[in-house]
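Each remark here refers to the structure printed beneath this line.
Read-outs throughout are calculated quantities, based only on the coordinates presented, and are distinct from any laboratory measurement. No experiment lies behind these values; they were computed from the predicted model shown. No Cβ is skipped: glycine too gets one built from the backbone with ideal geometry, and neighbour counts run over all protein chains shown.
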Amino acid sequence: MSFVDLPLPQPLLDAVDAAGYREPTEIQREAIGPLMEGRDLVGVAQTGTGKTAAFGLPLLAQVTSQPGLQALVLAPTRELAQQSAKALEEFARALDDVRVVCVYGGSAYGPQIGALRRGAQVCVGTPGRVIDLMERGELVLDGVDFFVLDEADEMLRMGFAEDVEQISAFIPDGARKALFSATMPPAILKVADRYLTDPVSIEVAPQSSTVDTVTQTYAVVPFKFKMEALQRVLATSDADAAIVFVRTRADAEEIATDLQQVGIKAAALSGDVAQDERERIIARLRSAKLDVLVATDVAARGLDVERLGLVINYDVPREAEAYVHRIGRTGRAGRTGTALTFFTPRERYRMTKIVSLTGTEMTETFIPSPAQVAAHRAQALLNRCGQRLDQAELEVYYHALQDIQRTQGLDIGDIAAALLALACGDAGPTPSKRTSPGRIRREEKVDEWGRFVSASFEGGRDKAPKSGRKNPRRQASRPPSMRGARRYRIEVGKRDGVGPGAIVGAITGEGGIPGKALGSIDIYPSFSLVEIANLDHSSAAKIARARIGGRALKIREDRGRPDRAGSPRAGRGTKSRKKPREQRD
């Protein structure tokens, strides 16, 4: 079957052909016909099977050039919303005066409201921003006759059930509705039963995928050691270039920055990166001006760079199918590659799903020790040393060595070893950042499988300082550091994977608070404290409804009372690498 066999208008068939599509995927073959007939539909298919075109082409076929909203597509994250909107915009170019607007939190209201006021017929958005625009009276659903829930299982997993229910209540009864999901848990079935009328059910079985050209390995690494482990792996890898997969845009940016600070040529790539900047980053990767790409799943789709010999899953993918996509960035076109997945001890159970899907066992490997990292760097320098010897003209250095031997009585071997250590960046033992002054790390302790356990120090085993003991009470609230500010408590914390960027984005984006009105931010395991100046009731109400990772902020003024349930595990609030739910991939 080809696209011409499907009941689509000629302009859209021309657009499909211009995009290079020749044969519809299974979900497209099964879904387009019923949707063109006006039926409600439930489609179960994995990411990457062509779901956007499956609902997007029938949706655009029904839209007219009459200004005003006629179709609404809900997506769980800004990246997925942007991706769907971009695909719909490409197809819509073949139609007369049909416009698509993408709305999501964490970005300016002006352009989004402007597009709606100019009569955009199709809106793709995240639940939080859609509700916000509805409450402002800028997004009116009275004329919607096509409603799509995309990635419905992910939407419920992120805590958007109430938001979906609120939005669905305003969809006209006669509108056709489509629900697409990668899985079909009972919660999704309930949503389908509640909102869809006699739907056509389509299920595309996931294909078993084995990447034979990729060596698949894993390491068990506690969360707090993941960055250190990543740096060690990259320092000892023989791969020409590597891609590191993370879950969110904030993770990508923060990890890339951390790698840059230790001298690794790294860059972040997420769904928010503009197309021209994306092309520049990939060009740098291809030309060896960049060695490590830290990317989200959405941003790395379709990436094919010959230099990529190593894939590191810094964060385990939520869906096993995403794992296959990730490791497929290496071992392409007959080349071989290696994939390494970091599992925290609590995540090991997820390996079973991955092995079941790929049909290939993962081999356990171990994070290189500091001594192994040093030895690898030394060997690389020694390999270059031979090349330098061939070029001669070393007299000045011979004289310098002879002088230090004569004046200080040092052995030439000791001098060479010290110079090699310095060239490898080893300036000698320094006090550990995790210890109090005077306690020097003696050795790193691992268990019988080579996993991180603890460190041993002069004067005794590494024990957490008093401020790091489990479940200490939070100290009484100190005065706000910013004039005119008050300290507020929000109900998201380190356990929810939030970082300062996520909190700032949620408060400024959803509450309309300028960034300069925010002061210090302390992040605890189950809550966070934020200084905000001149917060009025209206803005506080909006912030209270905002969500990060599916959890409502529920803002209230902090009174400084100790909180046993939310007391920090590490004394003071700590930073993490997550972001607002509408900025996640």
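Taking the beta-carbon count within 10 Å as an exposure proxy, list 385, 123 from fewest neighbours to most.
385, 123
Would you calculate the volume per residue, in Å³, of the smallest convex hull containing every Cα atom of the stretch 58-199?
105 Å³
Which order do 545, 326 fall in if you start with the one that has the fewest other Cβ atoms within 10 Å?
545, 326
So what's the gap between the Cα centers of the stretch 75-111 and the stretch 499-562, to the nearest angstrom?
Result: 28 Å between the Cα centres.
Using a/c under 1.5 as the rounded threshold, could you call the stretch 35-103 rounded, prolate or oblate? The axes a ≥ b ≥ c are square roots of the C-alpha gyration tensor eigenvalues, and prolate needs a/b larger than b/c, oblate otherwise.
oblate
Near the amide H of residue 203, under 5 Å away, which other amide H atoms are found, from residues 5 or more places off or on another chain, if H is placed in the peptide plane?
Result for residue 203 returns 44.
Scan around residue 217 for amide H atoms under 5 Å from its own, H built in the peptide plane at 1.01 Å from N, and keep only partners 5 or more places away or cross-chain.
For residue 217, whose amide H was placed from the backbone, the distant partners under 5 Å are 339, 340, 341, 363.
If you wrap a convex hull around the alpha carbons of the stretch 214-370, what volume per residue comes out, as a whole number of Å³?
107 Å³
Using amide H atoms built 1.01 Å from N in the peptide plane, name the residues 5+ places from residue 179, or on other chains, whose amide H lies under 5 Å from its own.
41, 42, 43, 149
Using θ = phi - 60° and the Karplus form 6.51 cos²θ - 1.76 cosθ + 1.60, what ³J(HN,Hα) does each residue of the stretch 33-42 get, whole Hz, x for Gly and Pro?
Rounded to whole hertz, the list is x, x, 5, 5, 7, x, 7, 6, 8, 10.
Each residue of the stretch 131-148 in turn: what ³J(HN,Hα) in whole Hz from Karplus with 6.51, -1.76, 1.60 and θ = phi - 60°, glycine and Pro shown as x?
4, 4, 5, 5, 5, 7, x, 8, 10, 10, 9, 4, x, 6, 10, 8, 10, 10
Treat the count of other C-beta atoms within 10 Å as a stand-in for reagent exposure and order 532, 490 from fewest to most.
Fewest-to-most ranking of 532, 490: 532, 490.
Per residue of the stretch 68-83, in order, report the coupling 6.51 cos²θ - 1.76 cosθ + 1.60 (Karplus, θ = phi - 60°) as ³J(HN,Hα) in whole Hz, putting x for Gly and Pro.
Values per residue, Gly and Pro as x: x, 5, 10, 8, 10, 10, 9, 10, x, 10, 5, 5, 5, 4, 5, 5 Hz.
Starting from the Cα of residue 97, step 7 Å toward the Cβ, then list every residue of the stretch 51-73 with an amide N under 13 Å from that point.
Counting only backbone N, you get 64-68.
Just need the relative contact order of the stretch 214-370 here, percent rounded to a whole number, with Cα pairs under 8 Å and 6+ apart.
37 percent
Over all directions, what mean area does the Cα convex hull of the stretch 145-298 project, stated in square nanometres?
Taking the Cα atoms of the stretch 145-298, their convex hull projects to 13.2 nm² on average.
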